[in-house]
2 protein chains.
Amino acid sequence: MQSQDLKKAGLKATLPRVKILNFLESSKVRHMSAEDVYKAMLESGDDVGLATIYRVLTQFESVGLVTRHHFEEGHSVFELNLGEHHDHIVCIKCGRIDEFYDATIEKRQREIAAKNGFEMTDHALCIYGVCPDCRDQK
Amino acid sequence: MQSQDLKKAGLKATLPRVKILNFLESSKVRHMSAEDVYKAMLESGDDVGLATIYRVLTQFESVGLVTRHHFEEGHSVFELNLGEHHDHIVCIKCGRIDEFYDATIEKRQREIAAKNGFEMTDHALCIYGVCPDCRDQK
DNA sequence: AACGTAATGAGAATTTTTCGCATCTTGAGT
DNA sequence: ACTCAAGATGCGAAAAATTCTCATTACGTT
C-alpha cells in the first residue's frame, strides 16, 4: 500500500502522490521523464497536472524514493528506487537502458573521493554505446 | 594559431569560431556553459551571438575539440579537450570541479560494456560530494 | 576581385522546468 | 464524523535552456 510508504518517507499521502508512486511501481518502463509519466498517466485515466508531476518527482527524489538521472537527452529521467544501487549503460541508437553493478568501480570511486579530500555523497556513471540489437541491424 | 586547428578539424576558420576557440584556450575556468562563454566573451569585447555560441560548441563537440558534460545543473557544460581523458568530481556546495583518471575504472568499464554486448562509444563518470574547503567551513 | 556556399546574428519559437496564486485535501484535534 | 490550518494541487504564466528561421555577411576557391 503506497500511502504507508509515503508516510514512512515523511510525505502526506495525497491522491496525486499515491497515484504517481503506484504508477511508477506498476510501470514496466523503469526510466521515464516527467513528461513521460504525465502522458502515460493521462492515458490510463489518472489525470495529474504536469507541474505536480515535477513537484512530486522532485520530492520523491529528496526523500530517496526515486533517483534522477541526467543522461544525454536534455531532460531529467526518473527511476524508482528498488534498493540496490546500480549504474547504467545506454544505447545511443535506440535508447535502451541496461543496468549493472560493479563492486570494483564502486570501491575505486570511494577511494578517489577520499584521496581528493571529498566527502562523497553520490555518483553517476553512465556508459554509452551501441547495444547488441542495433549492432546487428547495421 | 587557432585557425589551423579549426581547419585541421574540418571546420571553416570563421571569426566567431576562432574567437571562441581562442577564448576557451585562454580561459582559466575549464568548465563553462554556453551562457558562461557568451557573457565572458561579451565582457572581453568579443561579441558573438548566443545562438552561434551554441552552434559552434556543438560543432566543436562533434569534431572532438570539446566535451559536453551533463552534471546536475540542468544545462550543458563544455570543456576544451586537452588530450587526456579524465572524469570529474564535483562539489555540491561550491561547484568546484576536480578531475581524475583511474585506469582500473576505465578498464572495468570496457569489460562491462563488452560483457553486455555493447560497443562502447563513450562514458561519463561523475562523483558528487563536499570538497575539503566546504567541509571545513561547516 | 568575384562567386557560391556556408556561417552568423537577431529574434522568434520550442522545450523543459519552475512559479504564483486561488482552490481544494489531508490529517490532527474535537 | 466535523472543523480547521497547513500544506498540496491545478492551471496558466514565467523562466531557463536550446534550437530554428531567414535575411545578411564572411570564407576560401577560382
**Study point:** Cβ-vector label at 7 Å, residue B:40, separations to other copies in nm
**Key:** 4.0
Exercise for review: Among B:27, B:52, B:89, pick out the residue whose Cα is farthest towards the positive end of the charge dipole of the stretch B:1-98, where Lys and Arg carry +1 and Asp and Glu carry -1 on C-beta, about the Cα centre.
Suggested key: B:52
**Study point:** Reachable aspartates and glutamates from residue B:39, criterion Cα separation under 14 angstrom, eight or more residues apart if same chain
**Key:** B:47
Check your understanding: If you place +1 on the Cβ of every Lys and Arg and -1 on the Cβ of every Asp and Glu, how big does the dipole about the Cα centre of the protein assembly as shown come out, in debye to the nearest 20?
Key -> 120
Review point. Shortest first and in nm to one decimal, what separations exist between residue B:27 and its copies in the other chains, measuring from label points 7 Å along the Cα-to-beta-carbon line?
Key: 3.4
Study note, to complete from the structure: Counting sequence-distant residues (5 or more places) and residues on other chains, those with an amide H built under 5 Å from that of residue B:66 are B:61, B:81
Practice item. Show which aspartates and glutamates lie in cross-link reach of residue B:107 when reach means a straight Cα distance below 17 angstrom and same-chain residues fewer than eight apart are skipped. Key: A:87, A:102, A:106, A:111, B:84, B:87, B:119, B:122
Practice item. Could you line up A:27, A:44 from fewest to most neighbouring Cβ atoms inside 10 Å? Key: A:44, A:27
Review point. If you put a point 7 Å past Cα along the Cβ direction, how far is that point for residue B:121 from the same point in each other copy, in nm, smallest first?
Key: 3.3
Practice item. For a footprinting-style exposure proxy, rank A:66, A:56, B:63 by other Cβ within 10 Å, fewest first. Key: B:63, A:66, A:56
Point to revise | Degrees between helix B:103-115 axis and first principal axis of chain B (Cα, 0 to 90, nearest 10) | key: 80
Review point. Using the Karplus equation 6.51 cos²θ - 1.76 cosθ + 1.60 (θ = phi - 60°), what ³J(HN,Hα) coupling, rounded to whole Hz, does each residue of the stretch B:88-99 give in order, writing x for Gly and Pro?
Key: 10, 10, 10, 7, 7, 8, 10, x, 3, 10, 9, 10
Review point. Using the alpha-carbon atoms, what tilt in degrees (0 to 90, nearest 10) does helix B:50-62 show relative to the longest principal axis of chain B?
Key: 50
Exercise for review: Give me the angle, in degrees from 0 to 90, between the Cα long axis of helix A:34-43 and the longest principal axis of the Cα atoms of chain A, rounded to the nearest 10.
Suggested key: 40
Revision key, fill the gap. The exposure ranking of B:3, B:26, A:76, fewest beta-carbon neighbours within 10 Å first, is B:26, B:3, A:76
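No lab work stands behind these numbers, since they all come straight from the coordinates. The structure presented is a predicted model; accordingly, all values stated were derived computationally and were not measured. Note: ideal-geometry Cβ built from the backbone for every residue, glycine included; neighbour counts use all protein chains shown.
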